[in-house]
1. Could you identify which residue out of D:35, D:146, D:54 has the top mean-square fluctuation in a GNM of chain D using Cα springs shorter than 10 Å?
2. Determine the shielding of peptide B:147-158 by partner chains: average, over its residues, the number of Cβ atoms on other chains within 10 angstrom of each Cβ.
3. Determine which chain D residue has its Cβ at minimum distance from the rotation axis mapping D onto B, giving the value in whole Å.
4. Under 8 Å for C-alpha pairs, at least 6 residues apart: give me the relative contact order for the stretch C:12-100, rounded to a whole percent.
5. Say R0 is 25 Å: what FRET efficiency, to the nearest 0.05, do residue D:19 and residue D:154 get from their beta-carbon distance?
6. How far apart are the residue A:22 label points across copies, placing each 7 Å from Cα toward Cβ, in nm, shortest first?
7. In the protein assembly as shown, what percentage of the DSSP-assigned beta bridges are antiparallel, given to the nearest 5?
8. Any chance you could check the Cα centroid distance between the stretch D:52-128 and the stretch A:8-38 for me, in angstrom?
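Bear in mind that the values in this text are calculations on the coordinates, not laboratory data. Everything quoted here is computed from the prediction, not taken from an experiment. Cβ atoms come from the backbone with ideal geometry, glycine included; neighbour counts cover every protein chain shown.
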């Protein structure tokens, strides 16, 4: 069985990065996606601080942590203006992209591509660009760390 | 020495109450004001859940807990529309008023009247309408409980 | 209905007090009894630190916090020698008495007099010497504070 | 530079294992040593539950978690009888060895061999039997998990 390739992000606006990020260009690195909403209590209490800790933990390793603001409810309450203040107040320093609004219905594009069930969702992508973990809700620090450590220990695949 | 009388609230919009609340009408009760901003991390992590717990703890006692959304920064990020979604997502059930915008400068009216230094601020008003506690930052549960229990034990003053 | 008078403590050995303590002599004060075992996880994680905080919170008020080491299992594992090291390592400064061994069975004397169900147990005694609260398990800080604040606000009864 | 080989444990008595454990026999596996004292608050609050979580997290992986009760103070207060009750009350299920008393001075043998500075101490040993981590005090879950995950991903060395 082959694990699915991680689909590309669809981002309307980026914060904390000078240039847009594409997963294709990150091939060869381990990527952790933290999908969240700024008014989701479980994100604010656990998921988002955990993503920041993961970002801080591996400053020189081949890990890229990316936040994706996947607003699927209360759209008028979580605009990019509000998100920017949230990022400032919570001292978040990892790159965060605003998920593109869907053309039909409230679910944004990246959220739909990844078939996420809600927020927070944690997706971990291996050096080969394949989805190794897809979790909804609270992630245990020790287990998440073990997964990241294990994937970082894998050799970088030869690029096709 | 006489403690200062609590000035009246200046509220632009109320949530979680069918009718506006005035401190004058609450004379004879103990009142706890929780001044907060929805994007203030210390409020979200400690102050606001504590206010909710205080509201839950004394359902039949003479305590009224009132939230005041005292936005003094990132005004565009914390509009009433965003606050309403915040109240919904965090399951807040105590009355919350939006502090009136100041005519000059970013500090709203109630925040200025009470000379608050930031958020969260906890103000406790005795049955006599006087300010018994004015605290900035995290309040210890045990100490706050003791203060509320002590003030609730005071006799209701005769109304002038 | 009259609340029951708090029975006297039966203590084999005291720590953190130069002289033995009797509840009779404390009449007129509010007393909080913290019954615990040094190897009871719920005591170590919650009850005992809470008792220490209550002791610290009211240094000049009429509250006396007393620990009672009510060993009812693993007696050989929780001797006074072990308790003394526990008190030292956990920096406990409130008076703690070792509950007297029962003559028949594992339940010590004070524990039996108060009909405690296990540890931790929190008993709060009013200025009149009567049991106002008898709780098994974790106590909420805010609720405990409110109870202590309320009882401390009661007038000292005339001594008969 | 070659990392030092982990010295053998010197254990007087084992709990939670039918037979004594030797590091030599564990060569080829990753080993996490949790050195603790049952009356050390930092151990009880953080280190020991973390060791239990690490033990639970990798039930089928090549990780062995071993507790070492390195009593270097209050010896009379932390005898094997007390430790056994502690293990029972805290529901610890990983193997725990009582460090052998030193011939001169209070420091037990294993603690001295590893030059530990106090408790809790976390030592992680790679599949090659070498010490990869030697930490005193609180260990971050995410960082510890990453280290264990990384070491578990290493190939088993050929036995000499």
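1. Evaluated over chain D, the most mobile residue of the options is D:146.
2. Details: counts 3, 5, 12, 9, 4, 4, 7, 1, 0, 0, 0, 0.
Neighbouring Cβ atoms belonging to other protein chains average 4 per residue here.
3. Result for the axis mapping D onto B: D:45, 10.
4. 44
5. Numbers: r = 27 Å, r/R0 = 1.07.
Calculated value: 0.40.
6. 5.9, 6.4, 8.7
7. Numbers: 60 of 100 bridges.
Antiparallel bridges: around 60 percent, rounded to the nearest 5.
8. 43
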